[in-house]
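Asks: Attaching a single structure in structure tokens format; questions to follow.
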Amino acid sequence: MSIGLTPYLRFAGDARAAMEFYNSVFGGELSLMTFKEGMNDDRPATTDQIMHSSLYVSRGVHIMASDTPPEMNLMPNGTVSFSSDGTDEADSAPLQQWWDGLSEGARIDVPLDTAPWGDAFGQLTDKFGVTWMFNISAVRD
């Protein structure tokens, strides 16, 4: 399948720091565009803020974000969820690594541990206020 789901996160002035942090956690290719670069915006409140950013990690894992200008309502971000399908044990390692990376400075809402359905499950809210849910599926025979 060539379709992917791309969460778009909105921040109140810290999109650059958030996306650079996510790039350090997930790797991939990060691009950032300020309001000055994208719209020739010279307002002091927005000129250096991020109008658009893209973190392409791999096929199917793409995160985009921006800062929200003062004249727009800042909407809360939903929950971003990662899960494996239980067909390849190798999927567990990057998911565990991402959990560990996002845990830096995070509030652990549900510790990553074996869930009643047999998978490893956990939820955290990172230092930028984004909630991440992980379900690392046990490999099924």
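The values are calculated or read from the model by the stated rules, or taken from the named source; none is laboratory data. Just so you know, these numbers come straight off a predicted model, no measurement behind them. Quick reminder, even Gly has a Cβ in these numbers, built from the backbone with ideal geometry, and neighbours come from all protein chains shown. Calculation scope for accessible area: heavy atoms of the full protein, side chains included, ligands and nucleic acids excluded. Shrake-Rupley method; radii C 1.70, N 1.55, O 1.52, S 1.80 Å.
Asks: In contact with an Asp or Glu (Cβ under 9 Å, 6 or more places away or on another chain), modelled with pLDDT of 90 or more, assigned to a loop (DSSP other than H, G, I, E, B) and under 18 Å from residue 27 (Cα atoms) - does that describe any residue in region 106-119?
Replies: No - not one qualifying residue is present in region 106-119.
Asks: So, one more: Give region 81-93 a look and list any residue that's in contact with a Ser or Thr (Cβ under 9 Å, 6 or more places away or on another chain) and farther than 12 Å from residue 122 by Cα, or say none.
Replies: Selection gives 84, 85, 86, 87, 91, 92.
Asks: So which residues in region 62-103 are modelled with pLDDT of 90 or more, over 13 Å from the mean Cα position of the chain (by Cα) and farther than 17 Å from residue 16 by Cα, if there are any at all?
Replies: Scanning region 62-103 gives 83, 92, 93, 94, 96, 97, 100.
Asks: Shifting gears a bit: So residue 129 fits all but one of (1) under 15 Å from residue 12 (Cα atoms); (2) touching a strand residue (DSSP E or B) at 6+ places or on another chain (Cβ under 7 Å); what number is the exception?
Replies: Against the list (1) under 15 Å from residue 12 (Cα atoms); (2) touching a strand residue (DSSP E or B) at 6+ places or on another chain (Cβ under 7 Å), residue 129 comes up short only on (2).
Asks: Of the conditions (1) farther than 11 Å from residue 15 by Cβ; (2) modelled with pLDDT of 90 or more, residue 59 fails just one. Which one is it?
Replies: Here residue 59 meets the rest and fails (2).
Asks: Suppose we filter region 1-26 for residues that are touching a helix residue (DSSP H, G or I) at 6+ places or on another chain (Cβ under 9 Å) and surrounded by 14 or more Cβ atoms within 10 Å (Cβ to Cβ); how many remain?
Replies: Of region 1-26, the ones touching a helix residue (DSSP H, G or I) at 6+ places or on another chain (Cβ under 9 Å) are 9, 11, 21-22, 24-26.
Add one more test, that the residue is surrounded by 14 or more Cβ atoms within 10 Å (Cβ to Cβ), and what stays is 9, 11, 21-22, 25-26.
Total satisfying the criteria: 6.
Asks: List the residue pairs whose Cβ atoms are under 7 Å apart, where the first residue sits in region 4-18 and is modelled with pLDDT under 95 and outside any loop (DSSP other than H, G, I, E, B), the second is β-branched (Val, Ile, Thr) and open to solvent by less than 60 Å² (accessible area, probe 1.4 Å), and the two are 6 or more positions apart or on different chains.
Replies: Going by the 7 Å Cβ cut-off, there are no qualifying pairs.
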